[in-house]
Every structure is written in C-alpha cells, then in structure tokens.
Amino acid sequence: MATVKGASMQAKYNSRMKVVILCGGLGTRLREETEFRPKPLVDVGGRPILWHIMKLYAHHGFRDFVLCLGYRGNMIKEYFLNYEAMNNDFTICLGKKSQIHYNDNHEEQDYFVTLAETGAESMTGGRVKRVRKYIQGNDTFMVTYGDGVSDVDIPRLLDFHRSHGKIATVTTFRPVSRFGILDISKSNQVMNFIEKPRSDAWASAGYFVFENKIFDYLDGDQCVLEREPLERLAEQGELMAYHHEGFFFAMDTYREYQVLNELWKSGEAPWKKWA
C-alpha cells in the first residue's frame, strides 16, 4: 500500500509521473554475476537490485515505471511476466479449461511497468531518447540507473527540482574514498591516518529529474547522457544539483555486490524505507 505521504506526493505532481530506469548495460565489471543475467536482476537479499530501486519509488507513491532494456532484456521481461506466479500461492486448473487463481496478494500492487527494448548497443542518452513515446504527456519525469540503491527522499528531490525551474536536476552525494588518507610530515612521519574518509567533493548518484525539454539534448543511440547532454545543460545553467547527505551505493563490482548483501542480511539496509 502506498503511504499517505506517498499518495499525496503523487497527486501533488502528475498522477502518473514516469520513472525511467536504465537496465541495458553489460555490467562487465561484475562479470561473476552478469555473464548469465543482466545486472538489474542480480540479487540483493534474494531480490533483484531492480526490485529494491522500484520499491523506493513506490514507497513514495510513484509506481509507473519504464524500463530501458538492452543486454539480456528478455530475462527482465520473463521476470515480470512470471511475477504473479513466483510471488503468490496459486491454484491451477489443468486441461482445456486451464485457469489460475492467485490465493494471496503480494505487496507490489498497482505497479505499471513498461518494458521497452532500447537496443543492445545503445548508450544511456540513446536509451532515454528511445522511450520518449512512453513519456509523452508528462512534462516532468525521473530517470535513474538499474544498479544503485539509495535512501534519497524523492518528495524533497522533486520539490527542489520544481523550486529552481531548470530543465534538469541530478542527485549528488559525497563518496567515501577507497583508500585511507595519510597526513605525512617532511620527515616521512605519519601525523594522522584517516580510514576511508568521506570526500568533500560531490559525485553523481543518478536519481535525475528532467523536464521534457531534455529530449532536445539527446541525439541518437550513441548519445551518452552523462557527457554532451549534461555538459551542455551545465554550460547553459540548466542543470542543478540536489545534495543528498544520506546513503547511496552503486553495485559495480563483485565486492560491492557482497557489501549490499551483507547490509541486507544484517537487517540494517539504509535504502529499505518501506515497511
């Protein structure tokens, strides 16, 4: 069930605001898991990471998704086609009058999921361009990647986007360094050691909000959203940054896959905002 807050936020904007999720990449740095399945279907706590991302948006009342498929997209289609049977008890009548009765109701009610083939070799901007027809009639829509989980406050993100009136908003976070930082004197004495400090710089977490004018900046399947389109928007003063001080974690490597599963197993997954 959508929360009251989520339902009111949905009504505040567009009752069917689209959430576009990029699901087409090869995931080459996670080859241990992605050789036989697309990265959005890699499990975290027994559920695809894509499921976790969708649950966050649904928690805030946004349940109309457009999935941009590419590498092994047929497997993502099969996942949703079989969702009812795999997530409910059911009774099946065999034979000529074959029918299925689902005995339970899973929690993912009233999700509208458009599964769109966007090309095996398309880049991120090209994938968004290809699903324009599913976004028509929506001035504002959201875009994120199918491999990063966060506890970003979607209502606050949308309020920020509406407040500045620009074409695009990118959610930013301060990443943690992969390495410990040492303060070393001229005599090579270590004066201070900080284990994996948080950076003062801001990095992109995805979780974009776009106005429909973004399509004027996207050109062809090989368009990389993070390059020329966002660079042009920044130069023109049309790109704003929403500072997210909370949790964000992208699953790019096998070690990061392990970290997310360890967090879920511990019962302390920061991105699990739903009950």
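Just the Cα atoms of the stretch 4-266: what Rg and Dmax do they give in Å?
My reading of the Cα-based Rg and Dmax gives 20.6, 86 Å.
Could you calculate, for the stretch 100-176, the ratio of the Cα radius of gyration to the Kirkwood radius, expressed as Rg to Rh?
Taking Rh as the inverse mean 1/r over Cα pairs, Rg/Rh reads 1.03.
By how many degrees, between 0 and 90 and to the nearest 10, does the Cα long axis of helix 154-164 differ from the longest principal axis of the chain?
60 degrees
Report the percentage of all Cα-Cα pairs in the stretch 206-275 whose separation exceeds 19 Å, rounded to a whole percent.
Summing the P(r) tail past 19 Å for the stretch 206-275 gives 54 percent.
Can you compute the charge dipole magnitude of the stretch 4-266 about its Cα centre, using +1 on each Lys and Arg Cβ and -1 on each Asp and Glu Cβ, nothing else charged? Give it in debye, rounded to the nearest 20.
Here the stretch 4-266 has a charge dipole of around 260 debye.
We did not get these values from a lab; they are worked out from the coordinates using the rules stated. All values reported here derive from a predicted model rather than from experimental measurement. A quick note on method: Cβ atoms are made from the backbone with ideal geometry, for glycine too, and the neighbour counts reach across all protein chains shown.
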